[in-house]
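Here's the structure we're looking at; comments come further down.
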Amino acid sequence: MKIPHTALTELRSLLGKGNVLTDEASLLLHAYDCSLSRTRPDLLLNIRREEDVAPAVKILSAYKIPFVPRAAATNHAGSCAALNGGAILNLAGLNRILQINTQEQFAVVQPGVITADLQNALNKLGFFYAPDPASERVCTLGGNLAQNASGARCMKYGGTPDHVLEADAVLPTGQTVHFSRDGGGPDFIGLLAGSEGTLGVITRLKVQILPLVKHVKTFLVTFPSLEDSVQTVTDLTARGIIPRCVEAMDQTTLQTVEDFSHAGYPIDAQALLILELDGTPAQIEREEKELAEICRKNRAQQFLPAKTEAERNKLWLGRRAAYAAIARLAPNVMVGDGTVPRSELPRALKKVRQILQERNIRASLLFHAGDGNFHPHFIFDERNPADALRVKRALNEVLKACVDCGGTISGEHGVGVEKRADMAYQYDKPTLDLFARMKRAADPLNLANPLKIIPVNYAEKARPQAPADEAVQTLAQRIRLRREAGVPGAVTGANTRLKTAAKETFSTRALTKIADIDLTNYTATVQTGITLDDLQHALSARGVYCALPGGKGTLGGAFSSGAYPHFYAHTLGLEALLPDGSLVRYGGKFMKNSAGYHLTRLFAGARGTLGIVTQLTFKIFATPVTVPAAENAPAKPNALWHALKHELDPNGLFPILPEDNHV
Amino acid sequence: MFSFSASRLRRQLRALFTPFGERSVYDSAAHCTRCGSCQQSCPSYALNKQETFSPRGRNQALRLIMERKLDPRTHKQLLEEIVNSCTLCGRCTQTCAGKIPTAEHMLELRRALNLRALPDSLYTLLSLRGTRPALFDRLVRTGLFLRRLGLVALLRKTGLTRLFGLEWINRADDLLPRRIPSLQKYLAAKNIQSRPENPDLIYLPSLEAQYFLPELAASILKSSAEKHRPVLWPNVSSGLFEYVYGDLRRSRRAVRRLIRRAEQANLPILTDSVDVFTFLHRAPQLFSGNKRWEHKARKLAENMRFVTDFLPKKPLAFPDVKTPVRLDYSALFCREGEPLDSVQKILKTLFKKNFVECLYTDADTPAFGYGFVRNSWAKPMALNAVRTIAQTQTATVFTLSGLSALELNYSLKRLYPNARAEHVARLNG
């Protein structure tokens, strides 16, 4: 597209002449990221000051120029390609750590701060930032949130959104919004995670920091089969032992890595686990005994604990060199990213190996066994179009295999443009419609990183919708009738938290089914009308616990009222009815999901203003865990909540936003 | 001016010798998976946070040109900046999983685009060292004599150096010590022999060791004389200067000349510059396709020695160092492997806890006269290096070449006088 001269003049007066570039060479050098996507933008804006983002976006919005936020551009999904042309906002210059507060355990950073730079600064003070993406030496914190990145430590500590306390963002309209976990309402920080710049530009983050763990012990364990290694992780979870990380390799990868790194890995093993325990010395000792016992039970061939720091480094040597071992083999490496329920890992990996064999593709498989996330590294030459196409197709098949195994097409890399088409394989039409409407609400002109995440013309390709539960169908029918009659109503559960005197209500009390308690993956899928007491009772009968306390209120109430914001990180999937009566489904029994907008975070704390959550899938534990309750502060709607409400419920069928209520 | 074409670029270096085998320049650039691991290690990216001036951007630019997607004639100025902003330090190669030699790529691009990195007058002067050593010797001596008389100071004061485009004289004047004795006189005063009978080692002094740091050359001759009979070969070009700043033909010619002389002498060659050592180790790639000369260059590489071979078990010159000591990794092409690993190991053994380990993000002084290429880039890079030194309160910084010591000392004197830089060979006293 042609950038109007007046727009350039305005941008130059705002950012300085040298920071507004339109020459061909500069544009071509901002046309790519770590994926195969390559699209030339029309304008490059180097942002040097945080306060310039909002006015720059306002100017771009006024001239209807699309824009793509970009910092280190290390993503594997093509999220930084300017598909509609327009401007690249280079945020790499916003790289200052603004504050580190060890007393209250937080750090305030700009989005271009390199993750490892923050780690290094914190380590000196005896603290650390928990998310550790493999590319932490180069990726930025803003990018981590935008791509919903996580790392090896994710199993114990959670991913990026779980460690961001506050965020400032500029919406595509140019409006600056402050999101906070304490502010009540939907978890907008969680919603920004994985939004890939399609909902706005992140300009500042306040992240949680933790005291450095002084005692860490690493173990290398080999198994005669993948199933045995996965069963080991399941048994660990069943005993309430959550390792700091569980990294795994299959036999083929092991061979490649050992050939390169000479780390001393036994190449005859069918599977290898690198486990790490942290905590107090007594706790580690106790857990080590249990770990050894579990490994023995699962036919472990070798159990090698690292006794010294040097030994620990040696155990990690091969795993760390894995990418290099693969990168040397061919010009290009495409890193895939699929996640399945942990119990499905052996089946998924078998399918992947079959796909690779059929297509005659060389690839290595590395995986985070703790959360069922695996990364096939495909080796190919992108200069050979046939080779590139073959690999692309293989990747699509692998992702479809993940979905077939009850998983997702992305655990931590995002969707971007590379996996956009596969979204239709994972989600049904109403859910994709909801993604599209969310995007439209936040970005009516479709300027912020357009054409990402949501597949094009998905209506016919979308996954057929599975039939809904009878009680849910009845509720959906009531919603549709009320909508046609134009009679609004309050959403109620047990009427214990958000009490209402309204006569017209949408009650969830009929939704009391416990669909599944899975003791392999440690997840429960439960309808939201069940009371917390009943839920606790049902879970304890199976010897497991969820993070919510008991009570007379419903599960849906606890989730939607915002009473337990720390529980949001435990929710893995949901079903919800929208104001138009359509049923959307998101997530499942897998631990990570970066495919699409985080619907669990959208409906969490939304107080029924955007939809009725009918079913939740969440983590359960072998030992009691309780999340703290939030102070009962009234939620203050922000511009994004308003926009979403207006888009999803224009006639106000469901409760109006708290502020409007007050008025 | 830009008679550049993909075929011409291919004609330049037939193949690059990488750890994973021989690769054409295009193949080598195409091995970049754009993962971005190199970005944070690059000193020029650290300065301006722009993809354009990053290793990944440079490799993509090269590829775009070779695939004829970017016309170099229409982007002359930016391409010159992209190429010349690269300090050739090889830190990107160190962090790259595929060990992509971006510095070599940039040199190829520089040659293909006929880009001159050094000011013309400085280039002409320095290239005389290889072609007309006697004239070069006379010119340098005259220059130093005039400097002693105060003529350089006068030229600077009157602004004439700037007027005639000779700013490099200002920089050289800043870097060089005030009083510089001639090497021959210095050796004679210290009673160090430079032309023994039946020598068994050739000492190839760098330009700075020969003319500006005679004490460094003397120290090396003296320490190597404990086990050997070293002979000084002054003003013998290694071909590195031509390789980096000139053209490949001249560089090959210089290396051939050196090979012939070394074959005649049939002795190992000692150098005080890590850059020369690395370059001659990679010299076989200059003759890729020419088996005879490739073999000879390989033999020369095997015969190369660095000053690490003569470092003491105890630091003679720094017996009571209680303050932090570190290594400045300022070098061309590579920041790992030999001899850097050996030096690091030696320093660690010698200074134990006082040796400060470097982080991958720590800055180094730009190497091999980069300050004369782009002082506007080199200055903030040197500042970053000083900042790193000051942050760890390092008192002594060891360098791997005399020029880096000169450059670093200049910055330290102005910005952090608590520290000083020394060539690692000065451990011998």
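The values are calculated or read from the model by the stated rules, or taken from the named source; none is laboratory data. What you see is a predicted model; the values in this text were computed from it and never measured. Quick reminder, even Gly has a Cβ in these numbers, built from the backbone with ideal geometry, and neighbours come from all protein chains shown.
Does A:PHE67 fit the bill of being in contact (Cβ under 8 Å) with a residue 40 or more places away in the chain, crowded, with 24+ Cβ neighbours inside 10 Å and touching a strand residue (DSSP E or B) at 6+ places or on another chain (Cβ under 9 Å)? So A:PHE67 passes the test. A:GLN231: of a type outside the set (D, E, K, R) and either over 17 Å from A:GLY372 (Cα atoms) or over 26 Å from the mean Cα position of the chain (by Cα) (or both), yes or no? No. Scanning segment B:99-132 for residues that are of a type in the set (A, V, I, L, M) and either touching a residue at least 24 places away in the same chain (Cβ under 8 Å) or crowded, with 23+ Cβ neighbours inside 10 Å (or both) turns up B:ILE100, B:ALA103, B:MET106, B:LEU107, B:LEU109, B:ALA112, B:LEU113, B:LEU115, B:ALA117, B:LEU118, B:LEU122, B:LEU126.
Of the candidates B:ILE180, B:ILE192, the single residue that is assigned to a loop (DSSP other than H, G, I, E, B), of a type in the set (A, V, I, L, M, F, W, C) and closer than 30 Å to B:LYS379 by Cβ is B:ILE180.
Among the numbered conditions (1) of a type outside the set (Phe, Trp, Tyr); (2) more than 18 Å from the chain's Cα centre (by Cα); (3) within 30 Å of B:TYR26 (Cβ to Cβ), the only one that B:THR131 does not meet is (3). Taken together, A:GLY370, A:GLY318 contain a single residue that is within 14 Å of chain B (Cβ to nearest Cβ), in contact (Cβ under 8 Å) with a residue 12 or more places away in the chain and buried (at least 24 other Cβ atoms within 10 Å of the Cβ), which is A:GLY318.
Of everything listed in (1) more than 30 Å from A:LYS64 (Cα to Cα); (2) buried (at least 23 other Cβ atoms within 10 Å of the Cβ); (3) β-branched (Val, Ile, Thr), the single unmet condition for A:VAL415 is (1).
A quick yes/no check of all residues on (1) part of a strand (DSSP E or B); (2) among the charged types (D, E, K, R):
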{"residue": "A:GLY240", "(1), (2)": "no, no"}
{"residue": "A:VAL246", "(1), (2)": "yes, no"}
{"residue": "A:THR256", "(1), (2)": "no, no"}
{"residue": "A:PHE260", "(1), (2)": "no, no"}
{"residue": "A:TYR265", "(1), (2)": "no, no"}
{"residue": "A:ALA269", "(1), (2)": "no, no"}
{"residue": "A:LEU273", "(1), (2)": "yes, no"}
{"residue": "A:GLU276", "(1), (2)": "yes, yes"}
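For segment A:165-197, residues that are touching a strand residue (DSSP E or B) at 6+ places or on another chain (Cβ under 7 Å) and either on the phi < 0 side of the Ramachandran plot or assigned to a helix (DSSP H, G or I) (or both) total 17. Pairs meeting the criteria (first residue in segment A:569-585 and within 30 Å of A:THR160 (Cβ to Cβ) and outside the structural domain of A:GLY611 (by TED's automatic domain parsing), second residue modelled with pLDDT of 95 or more and charged (D, E, K, R), beta carbons under 7 Å, at least 6 apart or on different chains) are lacking.
Residue count for segment A:80-109 satisfying the condition of being within 13 Å of chain B (Cβ to nearest Cβ) and closer than 24 Å to A:LYS206 by Cβ: 8. Can you confirm whether segment A:213-231 contains a residue that is crowded, with 18+ Cβ neighbours inside 10 Å and under 30 Å from A:LEU599 (Cβ atoms)? Scanning segment A:213-231, I find at least one residue that is crowded, with 18+ Cβ neighbours inside 10 Å and under 30 Å from A:LEU599 (Cβ atoms), so the answer is yes. Of all residues in segment B:310-341, those satisfying the criterion of being closer than 20 Å to B:LEU216 by Cα and either at pLDDT 75 or above or among the acidic types (Asp, Glu) (or both) are B:PHE310, B:VAL325, B:ARG326, B:LEU327, B:ASP328, B:TYR329, B:SER330, B:ALA331, B:PRO339, B:LEU340. One residue stands out among those in segment A:321-339 that are of a type outside the set (Val, Ile, Thr) and more than 15 Å from A:SER261 (Cα to Cα): the one that is farthest from the other protein chains (Cβ to nearest Cβ), which is A:GLY338. Looking across segment A:127-158, the residues that are away from chain B (no Cβ under 14 Å), among the aliphatic types (A, V, I, L, M) and part of a loop (DSSP other than H, G, I, E, B) come down to A:ALA130, A:ALA152. With a requirement of 1 or more residues that are away from chain A (no Cβ under 14 Å) and in contact with a helix residue (DSSP H, G or I) (Cβ under 8 Å, 6 or more places away or on another chain), the helices (runs of 4 or more DSSP H) lying completely within segment B:82-170 that satisfy it span B:102-112, B:120-131, B:133-149, B:151-158, B:160-163. Taking into account only those residues within segment B:26-78 that are in a loop (DSSP other than H, G, I, E, B), without any contact (Cβ under 8 Å) to a residue 24 or more places away in the chain and among the polar types (S, T, N, Q), which is nearest to the other protein chains (Cβ to nearest Cβ)? Result: B:GLN50.
Going by the structure shown, is B:ASP173 touching a residue at least 12 places away in the same chain (Cβ under 8 Å) and in contact with a helix residue (DSSP H, G or I) (Cβ under 8 Å, 6 or more places away or on another chain)? Let's see the steps before the verdict.
Numbers: touching a residue at least 12 places away in the same chain (Cβ under 8 Å): yes; in contact with a helix residue (DSSP H, G or I) (Cβ under 8 Å, 6 or more places away or on another chain): yes.
Criteria met by B:ASP173.
The single residue among A:THR218, A:THR203 that is modelled with pLDDT under 95, hydroxyl-bearing (Ser, Thr, Tyr) and assigned to a strand (DSSP E or B) turns out to be A:THR218. Looking only at segment A:28-37, residues that are at the interface with another protein chain (Cβ under 10 Å from one of its Cβ atoms) and in contact with a Leu (Cβ under 9 Å, 6 or more places away or on another chain) come to 3 in all. Just one of A:ARG319, A:ARG299 is part of a loop (DSSP other than H, G, I, E, B), in contact with a helix residue (DSSP H, G or I) (Cβ under 9 Å, 6 or more places away or on another chain) and over 23 Å from A:PHE621 (Cα atoms); which is it? The unique qualifying residue is A:ARG299. Scanning segment B:186-206 for residues that are on the phi < 0 side of the Ramachandran plot and either among the polar types (S, T, N, Q) or without any contact (Cβ under 8 Å) to a residue 12 or more places away in the chain (or both) returns B:ALA188, B:ALA189, B:GLN193, B:SER194, B:SER206.
Taken over segment A:489-530, the residue count meeting the criterion of being in contact with a strand residue (DSSP E or B) (Cβ under 8 Å, 6 or more places away or on another chain), at pLDDT 85 or above, hydroxyl-bearing (Ser, Thr, Tyr) and more than 12 Å from A:GLY556 (Cα to Cα) is 4.
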